[in-house]
Amino acid sequence: MPSEPKGDDVSQAKPNLLRRVYDWTLTLAERKSAGGWLAAISFAEASFFPIPPDVLLIPLCLGALRKALKFALICSVASVLGGAAGYAIGAFGWETVQDIFYKYVPGFTEEKFRHLTSWYTKWGWPLVFLAGFSPIPYKIFTIASGVLGMAFPQFLLASAVSRSARFFIVAVLIAKFGEPMKVSIDKHFNKLALAFGVLLLGGFAVLKLL
């Protein structure tokens, strides 16, 4: 009889939950309802879902530019609405649900949330803006904004600008350059997105000074 897999064989035979969710998300690009799934994932990722919508957005954008812009718009609107839902969770229900988030939501830890609350006292809305490009899960920022009572109009504006810029940049690059750009974005996405967010925020700061 064959022996049971050991060591690395076990991890290969049974991928962790996050990897399985990632692989499942990729399969959605092949469905006719891909646009609806993209909206649902974009909404959910801003409050509790562990996989960023870029995973689905990128393969969908490998078609015509017109479709790429459409998918980027879906992503942007749904993500901003999801961010508003995350804000509401923080503002009205955090005391009730925080233990569930710490225990079951990947990327959402008590330590990260504690650090984030200290950052808010220094940065305020610019922190939410950078969160749209940051490799740190966006849901942490949306919920923290509600918990700490950030002004909702400022939160909404920062979310709308940063999330839209992120998704439209990805969509245009993928549609224009195709598969080679997909490989580059997959490999360096977090660094590129965060760098762009810093540069854009710096531009706003210069305009304010002028």
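Identify, from the list 63, 107, 90, the residue that is at pLDDT below 75 and under 30 Å from residue 150 (Cα atoms). Result of the check over 63, 107, 90: 107. Residues being outside any helix (DSSP H, G or I) and of a type outside the set (Lys, Arg): count how many of those fall in the stretch 31-54. Number satisfying all stated conditions: 9. Report whether or not residue 187 is at pLDDT below 70 and either aliphatic (A, V, I, L, M) or in a helix (DSSP H, G or I) (or both). Judged against the criteria, residue 187 is a match. Between 149, 132, 124, the distinction of being out of contact with any Asp or Glu (no Cβ under 6 Å at 6 or more places or on another chain), at pLDDT 85 or above and not basic (Lys, Arg) belongs to 149 only.
When 57, 73, 69 are checked against the criterion of being under 14 Å from the mean Cα position of the chain (by Cα), assigned to a helix (DSSP H, G or I) and at pLDDT 80 or above, a single residue qualifies: 57.
Quick check on this structure: which one of 68, 85, 72 is more than 13 Å from residue 171 (Cβ to Cβ) and out of contact with any His (no Cβ under 9 Å at 6 or more places or on another chain)?
Unique residue meeting the criteria: 85.
Can we say residue 74 is farther than 14 Å from residue 166 by Cβ and buried (at least 18 other Cβ atoms within 10 Å of the Cβ)?
So residue 74 does not fit the description; no.
Of the numbered criteria (1) surrounded by fewer than 19 Cβ atoms within 10 Å (Cβ to Cβ); (2) modelled with pLDDT under 60, the one residue 164 fails is (2).
State whether one or more residues within the stretch 105-124 are buried (at least 22 other Cβ atoms within 10 Å of the Cβ) and either free of Cβ contacts under 8 Å to residues at least 60 places away in the same chain or over 20 Å from residue 166 (Cβ atoms) (or both). No, because not a single residue in the stretch 105-124 is buried (at least 22 other Cβ atoms within 10 Å of the Cβ) and either free of Cβ contacts under 8 Å to residues at least 60 places away in the same chain or over 20 Å from residue 166 (Cβ atoms) (or both). Of the candidates 11, 42, 33, the single residue that is of a type in the set (S, T, N, Q), under 30 Å from residue 174 (Cα atoms) and either surrounded by fewer than 16 Cβ atoms within 10 Å (Cβ to Cβ) or at pLDDT below 80 (or both) is 33. Of the numbered criteria (1) of a type outside the set (Lys, Arg); (2) in contact (Cβ under 8 Å) with a residue 40 or more places away in the chain; (3) assigned to a helix (DSSP H, G or I), the one residue 149 fails is (3). Residue selection: residue 81 fails the criterion of being part of a helix (DSSP H, G or I), at pLDDT below 90 and on the phi < 0 side of the Ramachandran plot. Could you say whether any residue in the stretch 152-174 is in a loop (DSSP other than H, G, I, E, B) and not aromatic (Phe, Trp, Tyr)? The answer is no; no qualifying residue exists.
Answer yes or no: is there a residue in the stretch 74-82 that is in contact (Cβ under 8 Å) with a residue 60 or more places away in the chain and over 20 Å from residue 146 (Cβ atoms). Within the stretch 74-82, one or more residues are in contact (Cβ under 8 Å) with a residue 60 or more places away in the chain and over 20 Å from residue 146 (Cβ atoms).
The values are calculated or read from the model by the stated rules, or taken from the named source; none is laboratory data. Just so it is clear, the structure is predicted and the values come from calculations on it, not from any experiment. In this analysis, Cβ positions are derived from the backbone assuming ideal geometry, glycine residues included, and neighbour counts consider all displayed protein chains.
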